[in-house]
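S.K.: Okay, here's the structure, questions in a sec.
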Amino acid sequence: MSEFDKKHIQSPSLIHCDDISKWFESEDGEKLTVLESLHLSISEGEFVAIVGASGSGKSTLLHLMGGLDRPSSGDVTFRSQSWAHMSDRERAKARATDLGFVYQFHHLIGELTALENIALTLRIRGQSKSESELRALDVLDQFNLSDRSRHYPHQLSGGERQRIAIARALVHRPRCVLADEPTGNLDEASAATAIHLLVDGCKARGAALVVVTHNPLLAAQADRTLTISQSRVV
């Protein structure tokens, strides 16, 4: 048994998918299965890449892990608590406190500066404006974006916007970051920079990282790579 396997077995489970399935019903009543009988655990601090063909259910799985959607059967637990058994308020609090999200498109708020977009994550958690902006400035400095702090999203390049989105996901030191095709909309150079900031940023904070990706360079850095095919992990 490898050292990683030993560490993985001994590590506490942060996210656990217990026999989950997800299906939808088409307009004509046909059952469309996206995920079927899936078992999966993510450990504290682990980096897992999820790969597979487009439409295979990768993003659906990520949404289930983050409590953004519910499985049709089975259960997903986060820190040993079932997402399904939490109230809406408890789920929102868990996501705001312990999770960071990065998407293919940055989803920055156009009316806010880069600094304000990052600080908003902390303001939602109840921190003061001054403290939130101080921590946001610190992350901007780490990401070599201090000179962009007062810029609005439309004044930034695509690569810069995604770096801001990654900073926003990391500023509150989450336990886990869930990233859905974080380099899918970037050129090769910008993608390499984003990968470096995302992976190293999670490692520095001890955060687990789960990434849905088609980027082989990103997947190659993961502790584990899971392939979804025909609704199952193979």
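S.K.: On a full-extension model of 0.36 nm per residue, what is the gain between residue 80 and residue 203, subtracting their alpha-carbon distance, rounded to one decimal in nm? If you can, show how the numbers build up before the last one.
M.R.: Values: separation 123, 0.36 × 123 = 44.28 nm, distance 2.24 nm.
So the chain would gain 42.0 nm between residue 80 and residue 203.
S.K.: Give me the extension gain from residue 88 to residue 69: residue separation times 0.36 nm, minus the current Cα-Cα distance, reported in nm with one decimal.
M.R.: That works out to 5.6 nm of additional length.
S.K.: Can you work out the base-10 log of I(q)/I(0) for segment 63-201 at q = 0.15 1/Å, using the Debye formula on its C-alpha atoms alone?
M.R.: Computed log10 I(q)/I(0) values: -0.74.
S.K.: Distance between the C-alpha centers of segment 197-234 and segment 94-117? Whole Å please.
M.R.: For segment 197-234 versus segment 94-117, the Cα centre distance is 20 Å.
S.K.: Follow-up question, since we're still on this one. Give me the number: length gained by fully extending residue 217 to residue 157, i.e. 0.36 nm times residue separation minus the C-alpha to C-alpha distance, one decimal in nm.
M.R.: Difference between extended and current length: 19.4 nm.
S.K.: Please report the net charge: other residues with Cβ closer than 11 Å to the Cβ of residue 62, K and R +1, D and E -1.
M.R.: Local charge sum for residue 62: -2.
S.K.: Roughly speaking, what % of Cα-Cα pairs in segment 1-122 are separated by over 26 Å, rounded to a whole number?
M.R.: Counting every Cα pair in segment 1-122, those more than 26 Å apart make up 34 percent.
S.K.: Next up: Given charges of +1 on the Cβ of Lys and Arg and -1 on the Cβ of Asp and Glu, with all other atoms neutral, how large is the dipole of the chain about its Cα centre, in debye to the nearest 20?
M.R.: Dipole magnitude for the chain comes out near 680 debye.
S.K.: Place a label point 7 angstrom from the Cα of residue 146 along the Cα-to-Cβ direction, then list the residues of segment 81-115 whose backbone nitrogen is under 11 Å away.
M.R.: Nothing falls inside the zone, counting backbone N under 11 Å.
S.K.: Now, a different point. Calculate the tail of P(r) for segment 59-125: the fraction of all Cα-Cα distances greater than 13 Å, expressed in %.
M.R.: Details: 1518 of 2211 pairs.
Tail fraction, whole percent: 69.
S.K.: Quick one: plug the Kirkwood hydrodynamic radius of the chain (C-alpha pairs) into Stokes-Einstein at 10 °C, 1.306 mPa s, and report D in µm²/s. Each step should come with its number before you reach the end.
M.R.: Working: Rh = 18.4 Å.
Estimated via Stokes-Einstein, D reaches 86 µm²/s.
S.K.: Additional query: Mind checking which aspartates and glutamates have their Cα closer than 16 Å to the Cα of residue 203? Skip sequence neighbours fewer than 8 apart in that chain.
M.R.: Here the aspartates and glutamates satisfying the reach criterion relative to residue 203 are 44, 46, 98, 223.
S.K.: Highest mean first, what order results for 125-133, 148-156 on Cβ atoms within 10 Å?
M.R.: 148-156, 125-133
Coordinate-derived values only; no laboratory data. Everything quoted here is computed from the prediction, not taken from an experiment. When we count neighbours, we look across all protein chains shown, and the Cβ atoms used for this are built from the backbone with ideal geometry, even at glycine.
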